[in-house]
Amino acid sequence: MIRSLVLFITLIAGYMTIHAQNKEVLYDFIEIPQALMVNPGMNTIYNWYAGVPLISGIYVQGATSGLTVNDIFAADGLDINQKVRDRALNSLSKRDEVNGIFQVDILNGGFRGQKDPANFFSFGMYVEGYALNYWPKDLAILAYEGNADRLGQRFDLNDLNTSGQFINVLHFGINRQIKNNLTLGARIKLYSGIVDFNSTNNSGYFETTVGQNNLLRNTLVSDMRLRSSGLDALLDANDNGGGIGSLLTKRGLFGGDPGLGFDVGVTYNLNKQTVITGSLLDIGLLYHTSDVTNYTLEGSASIEGVEIILPDALSDPNADFWEDLVNEIEELIPFEENSKNYVTFRPIKFYSSIRYNFGKQGEPTAACDCDNQTDSGDRSLYYLNSVGGQLYAINRPRGPQFAVTAFYQRRFAKVLALKATYTVDKFTASNIGLGMSLQAGPVNLYIMGDNLLAYGNIADGNYASFQLGLNIISWERN
Amino acid sequence: MKYIPKYLYTLIMCAAILSSCVDKQDFDQLDNLNVTPTAEASILYVETPERIINQVSGTNFYSQTFNFDAFSEEFFADNVLDGVVTYEVENTTSKPLDITFEFLDDAGNSLDSENFTVNAAPTAILRREIAYGPAGRSLDIIRNTSAIRVSATNLGDNTSVSTLPNPTVYLRSSAKFRIGLK
């Protein structure tokens, strides 16, 4: 089991990418306060809550499409070179990706308004890191097999698409029951970028063709860039053997790159038993201004080796044709460095759901006064069961990605709520997730996992996420 | 009995998470991974019109040494595994020619040479592939090459003119080498 855990952590940390970030088990799990983070318009049923610092919300996720660790590293006696060739080079497409994320709540809390109990305020701070890398198909072939005997084949430079970000987020949200059957919510987020790198929207190609003069002609047309902020300082701190913690703290506490974002959400009761919800998260951007280093490779050139055409070449007996060729290429396709500020947009996420509650149990499971809910609001807690579907979408560099989820939720008295999900997305069509919220007096513990079928051999899974947290919840109205 | 499903559910979840396991993985396989791309590109192209040959008195109408650092670049020299240099000589002039292609080291010493004797036009294009590495000549020739010398000797006269359009002698060359990145 230890080995499994180590591998799991390695997978997550190693791939440390986040954009998939579908929290389908947590979404609309109203017994858990952190569900507000994925729908600020969720029906709130608490008077106040306080997350236990650093452990109120811990979330890690890793995903790969098209390839698993097991595909390459299984101890199956096959030649790894053949496995790489068959299962990666010849199988993966430029849309396949590896990504991962971690998110840790530093602080998280919420309270109901004193003057107007219809308002519920939430606030907190969390750190989040992700990295995302699409499979650079053409570049991988070029690196693994080279350009030999591939006349006329264009290696697309657009295949290089990678990004990563490590940020600290300070947030404040308001949630208000507008009408008996309608709750709206919004959250403002102040980002502080710690580290960012990205190389997206590259274009161009490398091609080898029959030469016009010489035997071969190599052509490079390039419009490529790699942008980074905070990376150099981090690497320097690492090389110098210290100061990483203070650097991260400084940049995370608004000494890094500033940014601003918003979340919005809604819950609407179609009738007493049917509820629809929706939310848009991370509508925002970061302006990268500190410790910025960008690299560009822009231009085009075709070469056929050193070309000596007499009698012109005799005009300068001291000519260094090789150096001239190298200089010409560097002029045509300069590799340059600059420190221009840049903007990155956060990946916008969209959730929606429809839920049908049934199996009335007669009284709310939570020990709350819940005037609003009694009148209307979300009456889910009056029912033992909920069933429904969710739709998730996220904006990605190669276009939006979608996930569809079916779920069943069961409540047991006042202490336990369980949710099971089945999700289909680009990573897997057999993603079964389970979540549990356990209420022991004021203490709320939740834990949830994803793609549990893959846990039998986690190295062969395309997707895994894990989330847990600990809160103190007051259900009593003042 | 009422809460049996609850416990069952909890048990399943805890079992799934805590008893997660993994088939045996062998990450040492990475040591056996060979990343050995084969890169190819042109090396040198020399084009000499017949009128230039006729203008030069004597038989050695052309000899020049070119700086050529592509092979001696540290990355290439350290990682080259084997390869082939391809030469092609096309002669549409009225003269038989003798052309020598030499690889030179830093001190100007000849490490390797390839000689081509071509008949006067009309004649076929002469193409030759020279292997370097375990199945050919020593790779040290390639690794230590920092210059190329091309010498051409006119084995005919200085007055004749080919009846072919734009009579010229062309020397073309390319290299295809396998590089061990890992």
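The values are calculated or read from the model by the stated rules, or taken from the named source; none is laboratory data. A quick note: this is a predicted structure, and the numbers were derived from the prediction, not measured. Positions of Cβ are backbone-derived with ideal geometry, glycine not excepted, and every protein chain shown enters the neighbour counts. In case anyone asks, the SASA skips ligands and DNA or RNA and just uses the protein heavy atoms, side chains included. Shrake-Rupley method; radii C 1.70, N 1.55, O 1.52, S 1.80 Å.
Every residue, every condition in (1) out of contact with any Cys (no Cβ under 9 Å at 6 or more places or on another chain); (2) within 29 Å of A:Leu231 (Cα to Cα); (3) among the β-branched types (Val, Ile, Thr); (4) at pLDDT 90 or above, yes or no:
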site	(1), (2), (3), (4)
A:Ile55	yes, yes, yes, no
A:Lys83	yes, no, no, yes
A:Asp96	yes, yes, no, no
A:Asn108	yes, yes, no, yes
A:Phe111	yes, no, no, yes
A:Asp116	yes, no, no, yes
A:Val127	yes, yes, yes, yes
A:Asp138	yes, yes, no, yes
A:Tyr144	yes, yes, no, yes
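Of all residues in the range B:43-58, those that are more than 7 Å from chain A (Cβ to nearest Cβ) have Cβ atoms under 6 Å from Cβ atoms of residues that are of a type in the set (A, V, I, L, M, F, W, C), 6 or more apart or on another chain, in B:Ile53/B:Phe61. Taking the criterion of being β-branched (Val, Ile, Thr) and either away from chain B (no Cβ under 14 Å) or open to solvent by 30 Å² or more (accessible area, probe 1.4 Å) (or both), the residues of the range A:36-87 that qualify are A:Val38, A:Thr44, A:Ile45, A:Val52, A:Ile55, A:Ile58, A:Val60, A:Thr64.
Looking only at residues in the range A:220-237 that are open to solvent by 20 Å² or more (accessible area, probe 1.4 Å) and assigned to a strand (DSSP E or B), the one that is nearest to the other protein chains (Cβ to nearest Cβ) is A:Leu220. Which of the numbered conditions does B:Leu97 fail, given that it passes all the others? Conditions: (1) at pLDDT below 90; (2) hydrophobic (A, V, I, L, M, F, W, C); (3) under 19 Å from B:Asn158 (Cβ atoms); (4) crowded, with 17+ Cβ neighbours inside 10 Å. In the conditions (1) at pLDDT below 90; (2) hydrophobic (A, V, I, L, M, F, W, C); (3) under 19 Å from B:Asn158 (Cβ atoms); (4) crowded, with 17+ Cβ neighbours inside 10 Å, B:Leu97 misses (1) alone.
Go through the range A:105-163 residue by residue and tally those that are of a type in the set (D, E, K, R), open to solvent by less than 30 Å² (accessible area, probe 1.4 Å) and assigned to a strand (DSSP E or B).
Looking only at that region, the number is 3.
The single condition among (1) surrounded by fewer than 19 Cβ atoms within 10 Å (Cβ to Cβ); (2) within 12 Å of another protein chain (Cβ to nearest Cβ) that B:Ala107 does not meet is (2).
Hey, does the range B:92-105 have a residue that's of a type in the set (Val, Ile, Thr) and in contact with a helix residue (DSSP H, G or I) (Cβ under 6 Å, 6 or more places away or on another chain)?
Restricting attention to the range B:92-105, the residues satisfying the condition of being of a type in the set (Val, Ile, Thr) are B:92-93, B:99-100.
Narrowing the set further to residues that are in contact with a helix residue (DSSP H, G or I) (Cβ under 6 Å, 6 or more places away or on another chain) leaves B:93.
So far as the range B:92-105 goes, yes, one or more of its residues are of a type in the set (Val, Ile, Thr) and in contact with a helix residue (DSSP H, G or I) (Cβ under 6 Å, 6 or more places away or on another chain).
Restricting A:Leu416, A:Leu453 to residues that are modelled with pLDDT of 90 or more, facing chain B (nearest Cβ under 10 Å) and more than 20 Å from the chain's Cα centre (by Cα) narrows the list to A:Leu416.
Residues checked against (1) of a type in the set (Asp, Glu); (2) assigned to a strand (DSSP E or B):
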| residue | (1), (2) |
| --- | --- |
| B:Gly83 | no, yes |
| B:Asp98 | yes, yes |
| B:Ile141 | no, no |
| B:Ser160 | no, no |
| B:Thr163 | no, no |
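Residue by residue through the range A:300-352, note down the ones that are away from chain B (no Cβ under 14 Å) and of a type in the set (A, V, I, L, M, F, W, C). Those that are away from chain B (no Cβ under 14 Å) and of a type in the set (A, V, I, L, M, F, W, C): A:Leu332, A:Ile333, A:Phe335, A:Val343, A:Phe345, A:Ile348, A:Phe350.
Within the range A:456-478, the set of residues being part of a loop (DSSP other than H, G, I, E, B) and within 19 Å of the chain's Cα centre (by Cα) comprises A:Gly461, A:Asn462. May I ask you to list the residues in the range A:431-450 that are without any contact (Cβ under 8 Å) to a residue 40 or more places away in the chain and surrounded by fewer than 22 Cβ atoms within 10 Å (Cβ to Cβ)? The answer is A:Ile432, A:Leu438, A:Ala440, A:Gly441, A:Pro442, A:Val443, A:Leu445, A:Ile447.
Taking the options A:Gly259, A:Gly204, name whichever one is in a strand (DSSP E or B), at pLDDT 90 or above and touching a helix residue (DSSP H, G or I) at 6+ places or on another chain (Cβ under 6 Å). Working first, answer last.
Details: A:Gly259 fails: touching a helix residue (DSSP H, G or I) at 6+ places or on another chain (Cβ under 6 Å).
Every option except A:Gly204 fails the conditions.
When the residues of the range A:272-292 are narrowed to those that are within 13 Å of A:Arg227 (Cβ to Cβ) and open to solvent by less than 10 Å² (accessible area, probe 1.4 Å), which ends up nearest to the chain's Cα centre (by Cα)? Here the residue is A:Leu286. Could you list, in sequence order, all residues of the range B:155-182 that are under 30 Å from A:Arg217 (Cα atoms) and aliphatic (A, V, I, L, M)? Matches in the range B:155-182: B:Leu164, B:Val169, B:Leu171, B:Ala175, B:Ile179, B:Leu181. When you look at A:Gly265, is it out of contact with any His (no Cβ under 8 Å at 6 or more places or on another chain), open to solvent by less than 20 Å² (accessible area, probe 1.4 Å), closer than 26 Å to A:Phe120 by Cα and not aliphatic (A, V, I, L, M), yes or no? Judged against the criteria, A:Gly265 is a match.
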